[in-house]
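The values are calculated or read from the model by the stated rules, or taken from the named source; none is laboratory data. Bear in mind that the values here come from a model prediction, so they are computed numbers and not experimental data. All Cβ positions, even for glycine, are placed from backbone atoms using ideal geometry, and neighbour counts span all protein chains on display. Accessible surface areas use protein heavy atoms only, side chains included; no ligands, DNA or RNA. Shrake-Rupley method; radii C 1.70, N 1.55, O 1.52, S 1.80 Å.
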Amino acid sequence: MTSTIVARGLRKRYRGGRGTTALDGFDLEVPAGIVHGLLGPNGAGKTTAVRVLSTLLGFDAGRAEVAGADVARQPGLVRERIALTGQYAAVDELLSGRQNLILFGRLHHLGRREAHRRADELLERFGLTDAAARSAKDYSGGMRRRLDLAAGLLRRPRVLFLDEPTTGLDPRSRNEVWAAVRGLVADGTTVLLTTQYLEEADQLAGLISVVDAGRVVAEGTPDQLKSALGADRLEVVVRDAARLTDAAAILARITAAEPVVDIDRRGLRVPLRNNRVETLAATIRALQEAGITVADIGLHRPTLDEAFLQLTAHHPTSPSTAEAAAAASSPTAAASPSLTAAAASSPTTAASPSLTAAAAPPSPTASASPSPTAAGSSPTASASPSVGAPVSSSEVGA
């Protein structure tokens, strides 16, 4: 299977203060056309890895390729082929959904007709056609997030970096975003997903890499990571705590394993290696025959939460982590919300919020916004909403 993202031995150390190592031999390989989850505790190096791979931050050692382009030697080409969407939707609330997409399309150097065509196409694809004329400030959280994703796809990126896509969304809005992401993958886009919601990774990711202390410590499908914890387990909760000992003896006899007793919950659990259903049925019959009333009984698989905690338990989270120091230590360490890459063809080329890969023309007067970004071919590349050809109000209002 072709790999769209490849990282080998990436190292990044922030020099400010006492110096902190954010990436320490980071390796990653992401196959084309899947959602690849990047999980880890705060400060593990996830955000730094995404910034490096999306050319927003330089690195000290190692090599990386994204969409067939070398991150260090061909940052402009990488930016032409990717999109990066941050934790919060970066849309103009005063414009309608359609106007937002037309504006971003023009900033990406799409012609007027093409910008209108792509806007309408993406509004339909993301289920926003009926709301196209409404102001973005009246959109729900899920609708706003889908609009942000649509803006990131104006230039049809091969790779989408998706950072915490459902932060702060309610369950309904979260499901809307999940459906949109699945649709992107079905169309061939490769998605690198960072998230703190392990359920989200379980739902979306075909593969997951667990990052800790600046390197990948485990990798596999969600089921493989969960299976690494061991067997499924049978859990029983009895009605009468006085019968716990009797119930434990029955489970030990049937499973040939010593149950773990939880007195506070009146519960028992025991690992099962095989014959899961048969063992469950036999346990129910034996408990009934012994006159033990069961409050709850069932088979349970290890969860991704449990796998995550076990894989990262040795590395406690600290507020003084490398990533917490990133913004203070490096002038190019922070990416703006929903920023996507503009090719830095001059020392002052700017990148636009929520834009994918616009190749900006050289401009000696490009202005900088409050959000610093884009380490790449230029040491002074900065973020600004002013990339691309001038856009008149009549164009976005059409």
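Structure data summary
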quantity: Search result, residues across segment 1-40 that are of a type in the set (Val, Ile, Thr) and in contact (Cβ under 8 Å) with a residue 40 or more places away in the chain; calculated: Thr4, Ile5, Val6, Thr20, Thr21, Val30, Ile34, Val35
quantity: Filter result (open to solvent by less than 70 Å² (accessible area, probe 1.4 Å) and out of contact with any Leu (no Cβ under 8 Å at 6 or more places or on another chain)) within segment 261-270; calculated: Gly267
quantity: Check on Val78, open to solvent by less than 20 Å² (accessible area, probe 1.4 Å) and of a type in the set (A, V, I, L, M); calculated: yes
quantity: Filter result for Ala72 (touching a Phe, Trp or Tyr at 6+ places or on another chain (Cβ under 8 Å), of a type in the set (A, V, I, L, M, F, W, C) and without any contact (Cβ under 8 Å) to a residue 40 or more places away in the chain); calculated: yes
quantity: 3 or more residues assigned by the TED database to the domain that holds Val177 and either of a type in the set (Lys, Arg) or modelled with pLDDT of 95 or more (or both): qualifying strands (runs of 3 or more DSSP E) within segment 1-104; calculated: 3-14, 20-31, 35-39, 61-66
quantity: Failed item, numbered, when Leu107 is tested on (1) surrounded by fewer than 22 Cβ atoms within 10 Å (Cβ to Cβ); (2) within 27 Å of Arg51 (Cβ to Cβ); calculated: (1)
quantity: Filter pass, Ala281 being closer than 29 Å to Asp223 by Cβ, without any contact (Cβ under 8 Å) to a residue 40 or more places away in the chain and open to solvent by less than 80 Å² (accessible area, probe 1.4 Å); calculated: yes
quantity: Selected residue (only one of Leu272, Leu268, Leu244, Leu198 is in the same structural domain as Ala49 (by the TED database) and among the hydrophobic types (A, V, I, L, M, F, W, C)); calculated: Leu198
quantity: Scope segment 138-149; condition surrounded by fewer than 21 Cβ atoms within 10 Å (Cβ to Cβ) and either free of Cβ contacts under 8 Å to residues at least 12 places away in the same chain or out of contact with any Leu (no Cβ under 7 Å at 6 or more places or on another chain) (or both); matching residues; calculated: Asp138, Ser140
quantity: One residue from Ala22, Ala49 being within 23 Å of Glu164 (Cα to Cα), in contact with a Leu (Cβ under 8 Å, 6 or more places away or on another chain), open to solvent by less than 30 Å² (accessible area, probe 1.4 Å) and of a type in the set (A, V, I, L, M, F, W, C); calculated: Ala49
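Conditions (1) under 21 Å from Leu77 (Cβ atoms); (2) part of a helix (DSSP H, G or I); (3) not assigned by the TED database to the domain that holds His36, marked per residue:
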position: Gly142; (1), (2), (3): no, yes, no
position: Pro157; (1), (2), (3): yes, no, no
position: Leu160; (1), (2), (3): yes, no, no
position: Pro165; (1), (2), (3): no, no, no
position: Leu169; (1), (2), (3): no, no, no
position: Ser173; (1), (2), (3): no, yes, no
position: Val177; (1), (2), (3): no, yes, no
position: Ala180; (1), (2), (3): no, yes, no
position: Val185; (1), (2), (3): no, yes, no
